[in-house]
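The values are calculated or read from the model by the stated rules, or taken from the named source; none is laboratory data. Because the structure is predicted, anything quoted here is derived from the model rather than measured. Positions of Cβ are backbone-derived with ideal geometry, glycine not excepted, and every protein chain shown enters the neighbour counts. Areas reflect the complete protein model, heavy atoms only, side chains present, ligands, DNA and RNA absent. Shrake-Rupley method; radii C 1.70, N 1.55, O 1.52, S 1.80 Å.
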Amino acid sequence: MEFIKGKGQIKAEIVVNGKKKFEEYGFEGKDGEVLVLPEKKRIYVGIDKIDSENLKIATASIIKALKKYKFESVEVTPPNTKNKDLLISFFEGFILGDYEFDKYKTTKAKHPIKVIAINSKRDFDKIIQEAKVRANAINFVRDIINSIPDEITPKRLASIAEEVAKENKLKCKVYDEKYLYKNGYHAFYSVGKASNNPPRLIHLTYKPKKPKRKIVLVGKGLCYDSGGLSLKPSEFMVTMKSDKSGAVTVLGIIKAISELGLDIEVHAILGAAENMIGGNAYKPDDVLKAKNGKTIEVRNTDAEGRLVLADCLCYAQENIKDFDYIMDFATLTGACVVGLGEYTAGIMGFNTDTIQKVIEVGEKRGEHFAYLPFNKYLPKLLKSNVADICNISSTRYGGALTAGLFLSEFIEKENKDKWTHFDIAGPAFVEKEWGCNPYGASGFGVDTIVTLLKSL
Ligand code: BES
Ligand code: ZN
Ligand code: ZN
């Protein structure tokens, strides 16, 4: 898809809040409405107000609606605003709407629109460049998450990370299962040990000349989560290829940041493993020792993400010195989806300034985040009678919070205020189209976090 200045074969118009109506076609210009008039060479999409979310959805739906037709170029007028967020969203939408996951289909999707013709005298080159980097990173994330577990094993995820590193001149270190075992990452190691596809800890570094901040991103990369011996019921196991979303999101973020050449040092730590069953599987009743020496009683092998992340957080704090922020991303709990729904991520941590900022930037980029506050009654729910801490809560309530609190136990005192946890179990993967997102992986978080890191 190419962006040029000039005229297109069909003209698109975004109608705000019913400002234009075509009663003869039943088009009232309401939010979400799309009207294509191929003979008149016009397409109209309705939104209720101009914001980032709506603009992405509007331009994405122009592309989606035109897939049925033969037009190869569409003419658009960008909104008359200086607001960079709105403009980036406007341009991103076209690329996001063009995305279709047809890797495993024998008949491939059609992509008739090749050219976005911009009807304006203004110069949008820089904005378009940034929109392309972001949208391509999001589509890249969607593709990996949607790919099947037989293909995206921890080893393959590591090789994808190495490819990204090579293209963008990043450093990339990959540690295998032997390293994890020998060096005391036994929580992470144990989760992956029943699988024929052994775990990998992947560490990418983007280091520009004079970085003004140092940021660590950690991602849960469960290439498959069967639940382990605490096996998931069949209906809940389907979609668990998406349990690698946190790690892939972090990979997408570092890819976009390096392509944009931002002046921040970024580390991406991906904890890749498969949670499987077998004679060698880790068991409920096991006690695991994490890298920081803390012992964990396993009472449910399906609460595996926090075990992988615990060791990845230890790795980060031991190996990366003097960072300003540490953020982890994970499809960590079903409870977060129950609580917030499929379209909102949960954020937890002790630094409410950072959390406030995430929510604000999220609104500017058209993504939804909600703060889930810890309280003093929660820690006792993770008490264990045999180890330092238990990997599940003693109650079934507040599971997103107790999972987040578990992770906080692996954050050193001096880093508590630098840490933020993102539970993206809802929006990372949805089995229906929503907003500008297709069925399946959304790439949620990339857009917001890139802007957030830019602003820190
Ligand atoms: N990967 C799941 C969480 C999940 C559920 C992500 C649904 C996306 C959609 C995680 O590893 C898990 O199984 N968590 C358990 C924790 C429980 C055993 C304490 C859960 O949420 O049920
Ligand atoms: Zn699980
Ligand atoms: Zn999981």
Inter-site label distance for Lys114 and Asn319 at 7 Å from Cα along Cβ, in nm: 4.5
Spacing of the two label points (7 Å from each Cα toward its C-beta) at Asn80 and Thr395, in nm: 5.6
For the range 284-296, 3J(HN,Hα) per residue [Karplus equation, 6.51 cos²θ - 1.76 cosθ + 1.60, θ = phi - 60°, Hz, x = Gly/Pro]: x, 4, 5, 10, 10, 9, 7, 4, 7, x, 6, 9, 10
Length added when fully stretched, Glu431-Glu342, from 0.36 nm per residue minus Cα-Cα: 31.1 nm
Reachable lysines, given that their alpha-carbon falls under 17 Å from the alpha-carbon of Lys212 and they are not under 8 places away in the same chain: Lys321, Lys418, Lys454
From phi via Karplus (6.51, -1.76, 1.60), per-residue ³J(HN,Hα) for the range 208-221 in Hz, x at Gly/Pro: x, 4, 10, x, 8, 8, 10, 10, 10, 10, 10, x, 6, x
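Quick one: length gained pulling Glu414 to Asn183 fully straight, 0.36 nm per residue minus the C-alpha distance?
Working: separation 231, 0.36 × 231 = 83.16 nm, distance 2.32 nm.
Between Glu414 and Asn183, full extension yields an extra 80.8 nm.
For the range 115-253, what does the accessible surface come to per residue with a 1.4 Å probe? Please give it in Å².
For the range 115-253, the per-residue accessible area is 43 Å².
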Rounded to 5, percent antiparallel among DSSP beta bridges of the range 31-176: 50
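Rank-order 348-356, 448-456 by packing density, defined as the average count of other C-beta atoms within 10 Å over each peptide's residues, highest first.
448-456, 348-356
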Fraction of beta bridges assigned by DSSP in the chain that are antiparallel (%, nearest 5): 40
Packing-based ranking, highest mean first, of 4-14, 239-249 given that Cβ atoms within 10 Å are counted: 239-249, 4-14
For the range 204-281, share of DSSP beta bridges that run antiparallel, in % to the nearest 5: 20
Between the range 166-183 and the range 293-352, the alpha-carbon center distance in angstrom: 20
Accessible-area value, Tyr343, 1.4 Å probe, nucleic acids and ligands omitted, Å²: 90
Potential extension, Lys283-Asn300 segment - 0.36 nm per residue separation minus Cα distance: 5.3 nm
With every protein chain in place, the chain: carbon and sulfur % of accessible area (1.4 Å): 50
Hz values of 3J(HN,Hα) by residue in the range 151-160 - Karplus curve (6.51, -1.76, 1.60), Gly and Pro given as x: 8, 8, 7, x, 5, 5, 4, 5, 6, 5
With all protein chains modelled, accessible area of Glu318 [1.4 Å, Å²]: 90
For Gly440, distant residues with modelled amide H under 5 Å away: Val430, Glu431, Lys432
Acute angle (nearest 10 degrees) that the helix 352-365 long axis makes with the longest principal axis of the chain, alpha-carbon atoms: 30
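Of Lys383, Lys193, Lys41, which has the most accessible area with a 1.4 Å probe, and how do the rest follow in descending order?
Values: Lys383 150, Lys193 60, Lys41 95 Å².
Accessible-area ranking of Lys383, Lys193, Lys41, largest first: Lys383, Lys41, Lys193.
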For Arg42, distant residues with modelled amide H under 5 Å away: Lys11, Leu37
Order by protection proxy (mean Cβ within 10 Å, highest first), peptides 47-55, 319-327, 229-237, 268-276: 268-276, 47-55, 319-327, 229-237
Inter-label distance, nm, simple model (7 Å from Cα along the C-beta direction), Tyr25/Lys70: 2.0
Accessible area of Arg213 in the full protein assembly, 1.4 Å probe (Å², nearest 10): 90
Förster-model FRET efficiency, 35 Å R0, Lys212 and Ser159, C-beta, rounded to 0.05: 0.65
Computed over the chain: relative contact order in percent, which uses C-alpha pairs under 8 Å that are six or more apart: 15
Set Lys20/Lys70; Lys30/Lys432; Lys166/Lys207 screened for pairs whose C-alpha atoms are more than 18 Å apart: Lys20/Lys70; Lys30/Lys432
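What number, rounded to the nearest 500 deg cm²/dmol, is the helix-based mean residue ellipticity at 222 nm of the chain, given -39500 (n - 2.57) per DSSP H run of at least four residues and division by all its residues?
My calculation for the chain gives -10500 deg cm²/dmol from helical runs alone.
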